[in-house]
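Written out below as structure tokens is the structure these notes cover.
The values are calculated or read from the model by the stated rules, or taken from the named source; none is laboratory data. Everything quoted here is computed from the prediction, not taken from an experiment. Glycine also receives a Cβ, built like all others from the backbone with ideal geometry; neighbour counts cover every protein chain displayed. Side chains included, ligands, DNA and RNA excluded: accessible areas come from the protein's heavy atoms. Shrake-Rupley method; radii C 1.70, N 1.55, O 1.52, S 1.80 Å.
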Amino acid sequence: MNKMVWKARWTGEQIRAMLLEQMEAFWRRDTGIERERLADVERAAALPHAVIVSGLRRVGKSTLLAQMAHRLGQESFYYLNFEDERLLGFAAQDANDLYQTLVEIFGERKIFFLDEVQNVADWERFVRRFMDLGFKFYITGSNASLLSRDLGTRLTGRYVPIELLPFSFREFLVFKNIKIPDGQPLTTTGSALLNASLNEYQRSGGIPEALKYPELSILRTLYDDVLYRDIAARYRLEGVQTLRELAYLLMSNPAGQVNYNKLKAQFQLGSVNTIRSYIESMENSWLLFSIRRFDFSLKRQQIAPKKVYCIDTGLVNAVGFRFSPNSGKLLENLVFLALRRRTRDIFYYITPGGYEVDFYLPETGQFIQVAQDLSSPVTRERETRALEDAAGAMKMERMLILSDRNEDEFRIGDLPVQVRSTAEWLLE
């Protein structure tokens, strides 16, 4: 759509009314609990770079912007929400006219807050031009292309990427008004209560709106919006039925290994590239994440099955199929999300003996196993056997088993192995 199409739809007074309405609604927005990523946004405030907050729909990106806006003050910024249907067809060449109207209404300001900017064609052009004039931008979007290499080129590297995930376990406890342990050793009762909260977090997930209104089918609606609006419509996919069935399969198997060739055969597709592109589109829309098997050969990494994790365990429980609680895989999914908040360098590992280690972190040389509990000798032997085999094949610094309680450290050869409460570890 071109400039005349958008401008022809609204009078000047209608545009002014829209801008005033958006600003008022944004300022009055419930800012909720303070998000942990707000500290990252604040640290970037003094930089001349654009701050780009990306994440799933309804994960709290606009609320994070509102929290930052309240730090800055109501008179310091302009706000635009490009999810508003009245801005449908707005393009980069319309920016000057809109800026002129903003100045007429609010006076001269040097900060822009832009919500869901991926809906604007070539938005990077006017952002870069305004940045050259000394403006500061805080931007949200629901597509991972906002953090792509292409964006780095278009903004000449002048942006700070911030990935916003659903509530962490700590944020979940704050939202629920549950007391967070102070770091002192927990009593048996305290540990049991914390594990009960972890179980609730695992069932409910961390999507703020879904936690606030549990009586509504928010997670199901969110899933459909991502699948049909963010993926099928945006990428103009023809095989919507295949997309739906593939997404359902992956959502029903969190922490499962994915073999593209087997999926191609299962869905009777002519090319493995179709499966690959569908999964990539789910990752680009923040529905799923995938990690590679660690190998010193990059080629073997690329062809090995990947492991897939969901953005939110509540979403898994709302839309996936399960004939049993599947608590172990959901717990592993929670641990992955916690690791994702700390690093992008996450792998799984298959030992020479064919045993799987859930996570390998090359940056710290750490192997991590996740177990629901270690009370069963069979479970304990399985988890330690994989670590023993890994220790004989890889040079590493430390090993960690996450389970339902803390235990004394033990050793595999010269390597210390910690056994930690998953709930306490998530709060570190």
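Observations on the structure shown:
- Estimated from helical segments only, the mean residue ellipticity of the chain at 222 nm is -13000 deg cm²/dmol, where each DSSP H run of four or more residues counts as -39500 (n - 2.57).
- When the charge dipole of segment 301-408 is built from unit charges on Cβ atoms (+1 for Lys and Arg, -1 for Asp and Glu) and taken about the Cα centre, the candidate among 377, 334, 311 whose Cα reaches farthest toward its positive end is 311.
- Hypothetical label at residue 122: residues of segment 152-174 whose amide nitrogen lies under 19 Å (7 Å Cα-Cβ projection): 152-156
- Volume in Å³ per residue [convex hull over Cα atoms, computed for the chain]: 170 Å³
- Listed by chain and number, the lysines whose C-alpha is less than 16 Å from the C-alpha of residue 110, apart from same-chain residues fewer than 8 away, are 136.
- With the whole protein complex present, residue 11 retains an accessible surface near 80 Å², based on a 1.4 Å probe.
- Spatial offset of segment 400-428 relative to segment 82-99 amounts to 53 Å, using the alpha carbon center of each.
- Cα-based values for segment 185-334, radius of gyration first and Dmax second, are 17.3, 58 Å.
- P(r) tail for segment 188-236: Cα pairs beyond 16 Å make up 56% of the total.
- In plain terms, the chain from residue 203 to residue 25 could stretch by 60.9 nm, reckoned as 0.36 nm per residue minus the Cα-Cα distance.
- Here the relative contact order of segment 318-426, from alpha carbon pairs under 8 Å that lie six or more residues apart, stands at 20 percent.
- With the whole protein complex present, residue 389 retains an accessible surface near 40 Å², based on a 1.4 Å probe.
- Percentage relative contact order, segment 32-154, counting C-alpha pairs under 8 Å, at least six apart: 35 percent
- Per residue convex hull volume, Cα atoms of segment 248-350, in Å³: 112 Å³
- Remark: the chain carries a charge dipole of roughly 900 debye about the Cα centre, counting +1 on each Lys and Arg Cβ and -1 on each Asp and Glu Cβ.
- In range of the label at residue 364: residues from segment 393-408 whose backbone nitrogen is under 20 Å from the point 7 Å along Cα→Cβ: 394-408
- Helix 12-27 vs. the chain, principal-axis angle (Cα, 0 to 90°, nearest 10): 30 degrees
- Taking a straight Cα-Cα cut-off under 21 Å and skipping sequence neighbours fewer than 8 places away in the same chain, the lysines within cross-link reach of residue 306 are 262, 264, 329.
- Segment 97-144 - Debye-derived log10 I(q)/I(0), Cα point model, q = 0.14, 0.16, 0.19, 0.29 Å⁻¹: -0.36, -0.48, -0.67, -1.26
- Only Lys, Arg (+1) and Asp, Glu (-1) charged, at Cβ; segment 339-405 dipole about Cα centre in debye: 260 debye
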